[in-house]
1. Can you say whether residue 112 is at negative phi, over 16 Å from the mean Cα position of the chain (by Cα) and either open to solvent by 80 Å² or more (accessible area, probe 1.4 Å) or not charged (D, E, K, R) (or both), as far as the supplied structure shows?
2. So in the stretch 26-40, with the set limited to residues that are under 19 Å from residue 15 (Cα atoms) and of a type in the set (Val, Ile, Thr), which one is surrounded by the fewest Cβ atoms within 10 Å (Cβ to Cβ)?
3. For residue 126, which of the numbered conditions (1) closer than 16 Å to residue 9 by Cα; (2) aliphatic (A, V, I, L, M); (3) in contact with a strand residue (DSSP E or B) (Cβ under 6 Å, 6 or more places away or on another chain) fails to hold?
4. Answer yes if at least one residue in the stretch 41-64 is of a type in the set (Asp, Glu), in contact with a strand residue (DSSP E or B) (Cβ under 6 Å, 6 or more places away or on another chain) and surrounded by 15 or more Cβ atoms within 10 Å (Cβ to Cβ), and no otherwise.
5. Could you please give the count of residues in the stretch 1-15 that are surrounded by 15 or more Cβ atoms within 10 Å (Cβ to Cβ) and modelled with pLDDT of 90 or more?
6. Would you point out the residue of the stretch 73-85, among those that are assigned to a strand (DSSP E or B) and open to solvent by less than 10 Å² (accessible area, probe 1.4 Å), that is farthest from residue 17 (Cα to Cα)?
Amino acid sequence: MNDWESGIIQVDNEHAIYSSLTEEQLLGTDLYTKYFHSVRKLGNDYIWYHFDQVPLLHRYFFVSVCFKDTSLVVVEISLQGNEFPTSWDNWSEERERKRQREHDRLLQRHLSVKPSYRQTKPYPYMEYELDWGKISSYFDPRSGNTAVAFKYKGE
């Protein structure tokens, strides 16, 4: 069971992502072995690891894990499925907002706390403050991206 209120994302019964996870530890996880998709080094001490078809909460997610100087700073998860866009070829704002609404429902179901901040305009955004950091759900119309972001303290 995932314990998002503690900042833990569990994959295949492994505590795959948690606040003190280091880049070296990530590279030794089953998450990395089974679901690794790509890596993006930004050249400014930030590195993003991307994972595809990660099973969470009986669904599949695209997961991105960001480190700065080998310390975990943010994790973004985004639902995958035929009902959601997979590329610019089938992207629409309506389908992306559908994904964002589903992200909001997942957070409301799996967190016992209420959002500390919520906005609808100019774009939907919801944020929960927790002891280890923040969880937010957002839709960014500029990039076309929608995700649930786990922002660990220190960033």
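1. Values: at negative phi: yes; over 16 Å from the mean Cα position of the chain (by Cα): yes; either open to solvent by 80 Å² or more (accessible area, probe 1.4 Å) or not charged (D, E, K, R) (or both): yes.
Criteria met by residue 112.
2. First, the residues of the stretch 26-40 that are under 19 Å from residue 15 (Cα atoms): 26-36.
The next check asks that each one be of a type in the set (Val, Ile, Thr); those that pass are 29, 33.
Values: 29: 18, 33: 9.
Among those that are under 19 Å from residue 15 (Cα atoms) and of a type in the set (Val, Ile, Thr), it is 33.
3. (1)
4. Filtering the stretch 41-64 for residues of a type in the set (Asp, Glu) gives 45, 52.
In the following step, the residues that additionally are in contact with a strand residue (DSSP E or B) (Cβ under 6 Å, 6 or more places away or on another chain) were identified as 45, 52.
Those still in the list that are surrounded by 15 or more Cβ atoms within 10 Å (Cβ to Cβ) too: none.
Checking the stretch 41-64: not a single residue is of a type in the set (Asp, Glu), in contact with a strand residue (DSSP E or B) (Cβ under 6 Å, 6 or more places away or on another chain) and surrounded by 15 or more Cβ atoms within 10 Å (Cβ to Cβ).
5. 7
6. Residues of the stretch 73-85 that are assigned to a strand (DSSP E or B), as a first pass: 73-80.
Subset that is open to solvent by less than 10 Å² (accessible area, probe 1.4 Å): 75, 77, 79.
Working: 75: 8, 77: 12, 79: 17 Å.
It comes out as 79.
The values are calculated or read from the model by the stated rules, or taken from the named source; none is laboratory data. Since the model is a prediction, treat every value here as computed from it, not as a measurement. Reconstructed Cβ throughout: ideal geometry from the backbone, glycine too, with neighbour counts over all protein chains shown. The accessibility values were calculated without ligands, DNA or RNA, using every heavy atom of the protein model including side chains. Shrake-Rupley method; radii C 1.70, N 1.55, O 1.52, S 1.80 Å.
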